[in-house]
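The structure under discussion appears below in the form of C-alpha coordinates.
The values are calculated or read from the model by the stated rules, or taken from the named source; none is laboratory data. Predicted model only: the values in this text are computed from it and were never measured. Here the Cβ is made from the backbone with ideal geometry for all residues, glycine too, and neighbour counts use every protein chain on show. The area values use the complete protein model at the heavy-atom level, side chains included, leaving out ligands, DNA and RNA. Shrake-Rupley method; radii C 1.70, N 1.55, O 1.52, S 1.80 Å.
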Amino acid sequence: MRRTVLLSCVIAVAVVGAASLPAVAQPSGDTTVTFTVATANLKIEVPASRNLGSGFPGQTISGQLGTVTVIDERAAADATWKASVVSTQFDTGTDSPTEVVPPNLVDYWSGQATATSGNGTFVPGQPTRADRQSLERPRTAFSKTSGSGNNSASWNPTLEITIPQDAVGGLYSGTVTHSVA
(Lines give C-alpha, C1' and ligand atoms only; values in the text may rest on other atoms or scores of the structure.)
Protein backbone atom coordinates (compact mmCIF):
# COMPACT_ATOMS: atom_id res chain seq x y z
CA MET A 1 0.00 0.00 0.00
CA ARG A 2 2.91 2.25 0.71
CA ARG A 3 4.05 1.80 -2.81
CA THR A 4 0.69 2.74 -4.18
CA VAL A 5 0.60 5.92 -2.08
CA LEU A 6 4.16 6.80 -3.04
CA LEU A 7 3.44 6.14 -6.71
CA SER A 8 0.27 8.26 -6.44
CA CYS A 9 2.27 11.14 -4.93
CA VAL A 10 4.90 10.94 -7.66
CA ILE A 11 2.22 10.97 -10.36
CA ALA A 12 0.47 13.92 -8.68
CA VAL A 13 3.73 15.91 -8.48
CA ALA A 14 4.47 15.09 -12.13
CA VAL A 15 1.00 16.24 -13.25
CA VAL A 16 1.24 19.51 -11.24
CA GLY A 17 4.78 20.12 -12.51
CA ALA A 18 3.75 19.50 -16.12
CA ALA A 19 0.90 21.99 -15.84
CA SER A 20 3.28 24.75 -14.76
CA LEU A 21 5.75 24.33 -17.62
CA PRO A 22 5.74 27.30 -20.06
CA ALA A 23 4.23 26.89 -23.56
CA VAL A 24 6.66 26.54 -26.42
CA ALA A 25 6.88 29.93 -28.31
CA GLN A 26 6.84 30.19 -32.11
CA PRO A 27 10.09 31.64 -33.56
CA SER A 28 8.11 34.21 -35.64
CA GLY A 29 4.55 35.29 -36.51
CA ASP A 30 2.92 36.97 -39.47
CA THR A 31 0.32 39.77 -39.39
CA THR A 32 -1.57 40.55 -42.58
CA VAL A 33 -1.86 44.34 -42.97
CA THR A 34 -4.14 46.01 -45.52
CA PHE A 35 -4.98 49.56 -46.53
CA THR A 36 -6.78 51.29 -49.37
CA VAL A 37 -5.36 53.96 -51.63
CA ALA A 38 -8.30 56.33 -51.98
CA THR A 39 -9.44 57.47 -55.39
CA ALA A 40 -11.73 60.21 -56.53
CA ASN A 41 -12.84 61.55 -59.88
CA LEU A 42 -11.59 63.12 -63.05
CA LYS A 43 -13.00 66.66 -63.16
CA ILE A 44 -12.60 69.99 -64.91
CA GLU A 45 -12.93 73.48 -63.46
CA VAL A 46 -13.70 76.48 -65.71
CA PRO A 47 -14.46 80.18 -65.20
CA ALA A 48 -18.18 80.87 -64.76
CA SER A 49 -18.27 83.79 -67.20
CA ARG A 50 -16.07 86.17 -69.16
CA ASN A 51 -16.74 89.44 -70.99
CA LEU A 52 -14.48 89.91 -74.02
CA GLY A 53 -15.31 93.58 -74.47
CA SER A 54 -16.74 95.04 -77.67
CA GLY A 55 -16.02 95.40 -81.35
CA PHE A 56 -17.63 96.73 -84.52
CA PRO A 57 -19.04 94.64 -87.38
CA GLY A 58 -16.18 93.18 -89.41
CA GLN A 59 -13.71 93.36 -86.51
CA THR A 60 -12.22 90.57 -84.47
CA ILE A 61 -12.26 90.62 -80.68
CA SER A 62 -10.20 88.35 -78.51
CA GLY A 63 -9.41 87.67 -74.90
CA GLN A 64 -8.39 84.96 -72.51
CA LEU A 65 -11.15 82.94 -70.83
CA GLY A 66 -9.38 82.49 -67.51
CA THR A 67 -7.82 79.39 -66.04
CA VAL A 68 -9.19 75.99 -67.02
CA THR A 69 -7.96 73.12 -64.82
CA VAL A 70 -8.24 69.34 -65.14
CA ILE A 71 -7.90 67.54 -61.81
CA ASP A 72 -7.31 63.79 -62.02
CA GLU A 73 -7.69 62.08 -58.63
CA ARG A 74 -8.33 58.58 -59.99
CA ALA A 75 -4.89 57.33 -58.84
CA ALA A 76 -4.84 55.25 -62.03
CA ALA A 77 -1.98 53.18 -63.38
CA ASP A 78 -2.79 54.67 -66.79
CA ALA A 79 -3.73 58.25 -65.92
CA THR A 80 -4.33 59.61 -69.41
CA TRP A 81 -7.16 61.95 -70.34
CA LYS A 82 -8.36 64.33 -73.05
CA ALA A 83 -10.09 67.68 -72.48
CA SER A 84 -12.36 68.86 -75.30
CA VAL A 85 -13.88 72.23 -76.10
CA VAL A 86 -16.84 73.31 -78.27
CA SER A 87 -18.96 76.45 -78.61
CA THR A 88 -22.59 77.32 -79.22
CA GLN A 89 -23.49 80.23 -81.45
CA PHE A 90 -23.34 83.70 -79.92
CA ASP A 91 -26.55 85.70 -80.25
CA THR A 92 -28.64 88.49 -78.75
CA GLY A 93 -31.43 86.15 -77.74
CA THR A 94 -33.00 85.83 -81.15
CA ASP A 95 -32.13 83.70 -84.14
CA SER A 96 -32.26 86.57 -86.60
CA PRO A 97 -29.35 86.05 -89.03
CA THR A 98 -28.01 89.53 -88.30
CA GLU A 99 -27.97 88.79 -84.54
CA VAL A 100 -26.04 85.51 -84.66
CA VAL A 101 -22.31 84.80 -84.64
CA PRO A 102 -21.95 81.13 -85.65
CA PRO A 103 -19.40 78.94 -83.84
CA ASN A 104 -17.26 78.61 -86.99
CA LEU A 105 -16.35 82.30 -86.37
CA VAL A 106 -15.18 81.49 -82.82
CA ASP A 107 -11.51 80.47 -82.74
CA TYR A 108 -9.76 78.91 -79.75
CA TRP A 109 -6.23 78.15 -78.73
CA SER A 110 -5.20 76.65 -75.42
CA GLY A 111 -1.68 78.00 -75.18
CA GLN A 112 0.89 76.21 -73.07
CA ALA A 113 0.18 74.84 -69.60
CA THR A 114 0.30 77.45 -66.85
CA ALA A 115 0.74 74.71 -64.22
CA THR A 116 0.97 70.91 -64.05
CA SER A 117 1.39 68.34 -61.29
CA GLY A 118 2.09 64.62 -61.35
CA ASN A 119 4.10 62.64 -63.83
CA GLY A 120 3.57 62.09 -67.52
CA THR A 121 3.27 64.10 -70.70
CA PHE A 122 0.87 67.06 -70.90
CA VAL A 123 0.05 68.25 -74.43
CA PRO A 124 -1.67 71.52 -75.39
CA GLY A 125 -4.28 71.20 -78.13
CA GLN A 126 -3.28 74.50 -79.77
CA PRO A 127 0.02 75.76 -78.34
CA THR A 128 0.04 79.07 -80.28
CA ARG A 129 -2.28 81.44 -82.09
CA ALA A 130 -1.11 79.95 -85.38
CA ASP A 131 -2.62 76.64 -84.22
CA ARG A 132 -6.06 78.10 -83.36
CA GLN A 133 -9.17 76.15 -84.35
CA SER A 134 -12.81 77.11 -84.82
CA LEU A 135 -15.27 75.67 -82.33
CA GLU A 136 -18.16 74.55 -84.55
CA ARG A 137 -17.26 70.99 -83.52
CA PRO A 138 -15.44 69.56 -80.46
CA ARG A 139 -11.68 70.15 -80.46
CA THR A 140 -8.96 68.82 -78.20
CA ALA A 141 -8.11 71.58 -75.75
CA PHE A 142 -5.46 69.71 -73.74
CA SER A 143 -4.46 66.11 -73.07
CA LYS A 144 -2.28 63.93 -70.90
CA THR A 145 -0.79 61.14 -73.00
CA SER A 146 1.28 59.19 -70.46
CA GLY A 147 1.89 58.77 -66.76
CA SER A 148 0.22 57.34 -63.68
CA GLY A 149 -1.24 58.52 -60.40
CA ASN A 150 -2.95 61.74 -59.48
CA ASN A 151 -2.21 64.75 -61.68
CA SER A 152 -3.51 68.12 -62.85
CA ALA A 153 -3.02 70.63 -65.64
CA SER A 154 -4.09 74.25 -66.01
CA TRP A 155 -4.14 76.57 -69.01
CA ASN A 156 -5.58 79.97 -69.90
CA PRO A 157 -7.12 79.65 -73.38
CA THR A 158 -7.80 82.51 -75.78
CA LEU A 159 -11.00 83.08 -77.77
CA GLU A 160 -10.95 85.08 -80.97
CA ILE A 161 -14.39 85.99 -82.37
CA THR A 162 -14.89 87.47 -85.82
CA ILE A 163 -17.95 89.72 -85.86
CA PRO A 164 -19.89 89.37 -89.14
CA GLN A 165 -20.08 92.48 -91.38
CA ASP A 166 -23.88 92.53 -91.16
CA ALA A 167 -24.11 92.06 -87.36
CA VAL A 168 -26.42 94.45 -85.53
CA GLY A 169 -25.55 96.06 -82.21
CA GLY A 170 -26.38 94.36 -78.96
CA LEU A 171 -25.07 92.14 -76.18
CA TYR A 172 -24.18 88.72 -77.61
CA SER A 173 -23.76 85.65 -75.42
CA GLY A 174 -22.91 82.02 -76.02
CA THR A 175 -21.46 79.06 -74.17
CA VAL A 176 -18.00 77.56 -74.49
CA THR A 177 -18.06 74.06 -73.01
CA HIS A 178 -14.95 72.23 -71.78
CA SER A 179 -15.25 68.55 -70.89
CA VAL A 180 -12.77 65.84 -69.91
CA ALA A 181 -12.72 62.08 -70.33
Label-point gap, in nm, between T98 and S117 - each point 7 angstrom along Cα→Cβ: 5.2 nm
So what are the chain's ellipsoid semi-axes, whole angstrom, largest first, if each one is the square root of 5 times an eigenvalue of the alpha-carbon gyration tensor? 78, 16, 11
Rounded to the nearest 20 Debye, what is the dipole magnitude of the chain about its Cα centre when Lys and Arg each give +1 and Asp and Glu each give -1 at the C-beta? 1260 debye
Accessible area of region 22-107 with a 1.4 Å probe: how many percent of it is carbon plus sulfur? 51 percent
Please report, in whole Å³, the volume per residue of the convex hull around the C-alpha atoms of region 114-181. 118 Å³
Approximate spin-label separation F56-A75, in nm, with each point projected 7 Å along Cα-to-Cβ: 6.0 nm
Would you mind working out the accessible area per residue for the chain, using a 1.4 Å probe, and quoting it in Å²? 62 Å²
How many nm separate the modelled label positions at K43 and S134, each set 7 Å beyond the Cα in the direction of the Cβ? 3.5 nm
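Past the 21 angstrom mark, what percentage of all C-alpha to C-alpha distances in region 36-116 do you count?
When every Cα pair of region 36-116 is considered, 48 percent fall beyond 21 Å.
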